[in-house]
Amino acid sequence: MPDLKLYDPFTNMQFTDENCFLCGTTITKEHRTPVFGEWMQDKYNLRNKELLMLDKSVTTFDQLTIPCCDQCHLNHVLPLESEIEDAAKTEYDGICTLDQKRIFQWIGKMYYGMLVTELIKEKDPLIMPENPVSENPQMLGKFKTFYQVLQSLRVPMKFSDFLPCSVFILQVAPTEDDLPFEYQDELTTMCFSIKLGPVVIVCKLLDNGIIRNVLNRLYKLTEDRELHPIQVAEFKARVFYAAYIFNVVPDYFIRPGKPEDEQLILDSLIDDITNEVFNPFEPLAYAHMLEEMLKPWSIREKDILENPQKPISFLTDDNGEFKTIKQFAK
Ligand SMILES: [Zn+2]
């Protein structure tokens with residue numbers, strides 16, 4: 001019978017190098033798992049590549065590991081990594097056939113890996129961070145909620161009628177694509193994107209798929225098309241900005257079960273009565289986000305807001321139809 005008991009490191013702030021990140025078991029410092037799967041580090045030559053952490057310190061991909069017991073490493077983390085590795089072999093088609101719950105767990109593990117590294121560091125009395133995450137009750141509440149659904153990686157769990165995130169899978173045309181791998185995350189908005197060769201996965205965690213619905217029309221336009229990198233950058237800006245104005249946190253409830261149950265069933269509610277789901281769209285704030293994403297092409301805010309009410313788009317034309325871009329002069 002599977003163990004259906006959830007672990008909660010947040011109530012007692014149990015973030016140490018001696019507790020497994022996924023089940024809490026006491027371990028020694030040697031028991032660790034990489035935040036970025038070994039296969040990915042090999043395939044995209046990441047081992048010695050530098051990575052900027054939240055506290056602005058620099059590490060490398062292969063140094064970034066989190067405490068993990070052998071059980072969780074062997075039974076939960078490795079099978080997930082090998083499933084994604086297999087799918088990535090056939091690029092876009094392979095990634096598209098993955099169960100989205102597995103994509104959620106995979107991205108969730110990397111996101112949480114970055115977070116937990118920060119939380120462990122903040123426990124060190126020699127490190128005095130300027131804005132400690134661990135002293136922000138609102139953020140901690142959000143992380144605790146996220147951690148509940150991330151436990152689906154270890155504890156058999158069925159999400160009744162939702163996915164706890166929005167996932168977008170894009171395909172990049174090879175002509176002007178010179179990035180084999182790229183990764184970006186935003187801790188506060190819980191937005192994440194990762195590029196594996198010609199495939200880009202963009203994900204907003206903990207929105208129960210709301211942003212996926214809001215961007216549905218645009219996303220459908222990109223399906224089965226190869227996008228120019230500048231179009232991918234714009235798509236990312238749209239998702240990251242939507243995550244930035246996203247204003248609610250779902251609640252998750254474990255359905256009361258019987259002792260012989262083989263899995264937990266989770267229901268979810270979003271309170272959209274007391275809170276608006278999104279803060280208002282502000283063209284200027286969006287333009288800043290887009291400018292950031294468009295850095296490689298040096299497109300500035302004044303170009304983006306030539307029409308102040310309608311920021312520039314590389315994805316759609318004036319009629320809202322898909323724009324084909326084969327080449328783009330930098
Ligand atoms: Zn464990």
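The values are calculated or read from the model by the stated rules, or taken from the named source; none is laboratory data. All values derive from a computational prediction rather than experimental measurement. Cβ coordinates were reconstructed from backbone atoms using ideal geometry, including for glycine residues, and neighbour counts include every protein chain displayed. What goes into the accessible areas is simple: the full protein's heavy atoms, side chains included, and nothing from ligands, DNA or RNA. Shrake-Rupley method; radii C 1.70, N 1.55, O 1.52, S 1.80 Å.
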Taking the dipole of the chain about the Cα centre (Lys, Arg +1; Asp, Glu -1; charges at Cβ), the one of 51, 175, 196 that reaches farthest to the positive side is 175
Between residue 262 and residue 1, what is the spin-label point distance in nm, taking each point 7 Å from the Cα along the Cα→C-beta axis? 1.5 nm
Would you mind telling me the share, in percent, of accessible area of the chain contributed by carbon and sulfur at probe 1.4 angstrom? 50 percent
Taking a 1.4 Å probe, which of 306, 83 shows the most accessible area, and what order do the others take after it? 306, 83
Hey, what's the Cα Rg ratio for the stretch 4-114 versus the globular rule of thumb, 2.2 N^0.38 Å? 1.12
For the table 49/236; 49/295; 101/158, the rows whose alpha-carbon distance is greater than 18 Å are 49/236; 49/295
May I ask for the angle, rounded to the nearest 10°, between helix 100-122 and the longest principal axis of the chain, with both axes built from Cα atoms and the value confined to 0 to 90°? 70 degrees
For 62, 161, 42, the accessible-area ranking with a 1.4 Å probe, largest leading, is 161, 42, 62
What is the angle, in °, between the Cα long axis of helix 283-293 and the longest principal axis of the Cα atoms in the chain? Nearest 10 is fine, range 0 to 90. 80 degrees
From Cα pairs below 8 angstrom and at least 6 apart in sequence, can you work out the relative contact order of the chain, rounded to a whole percent? 15 percent
Nearest 10 degrees, 0 to 90: what angle lies between the long axis of helix 229-245 and the longest principal axis of the chain (Cα atoms)? 60 degrees
Where the only charges are on Cβ atoms (+1 Lys, Arg; -1 Asp, Glu), what is the dipole of the chain about its Cα centre, to the nearest 20 debye? 120 debye
Rounded accessible area of residue 57 (nearest 10 Å², 1.4 Å probe): 40 Å²
Sequence of 76, 288, 228 when ordered by accessible area, the most exposed leading, probe 1.4 angstrom: 288, 76, 228
State the extension gain, in nm to one decimal, for the chain segment bounded by residue 221 and residue 328, taking 0.36 nm per residue of separation less the distance between their alpha-carbons. 36.5 nm
Determine which residues of the stretch 218-239 fall in the zone a paramagnetic label at residue 176 would reach in this model, i.e. backbone nitrogen under 19 Å from the point 7 Å along Cα→Cβ. 222, 225-238
What is the dipole size for the stretch 153-248, taken about its Cα centre, with +1 at each Lys and Arg Cβ and -1 at each Asp and Glu Cβ, in debye to the nearest 20? 440 debye
Mean residue ellipticity (222 nm) of the chain, computed from DSSP H runs ≥ 4 via -39,500 (n - 2.57), nearest 500: -9500 deg cm²/dmol
Based on alpha-carbon centroids, what's the gap between the stretch 109-172 and the stretch 276-330 in Å, whole number please? 30 Å
In cubic angstrom, how much convex hull volume per residue do the alpha carbon atoms of the chain span? 155 Å³
Taking a probe of 1.4 angstrom, what is the accessible area of residue 78 in Å², to the nearest 10? 70 Å²
Work from the charge dipole of the chain (Cβ charges, +1 for Lys and Arg, -1 for Asp and Glu, about the Cα centre) and give the residue of 294, 328, 9 farthest towards its positive end. 328
Take each of the peptides 47-55, 318-326, 238-246, average the number of other beta-carbon atoms within 10 Å over its residues, and list them starting from the highest. 238-246, 47-55, 318-326
Where the only charges are on Cβ atoms (+1 Lys, Arg; -1 Asp, Glu), what is the dipole of the stretch 171-330 about its Cα centre, to the nearest 20 debye? 400 debye
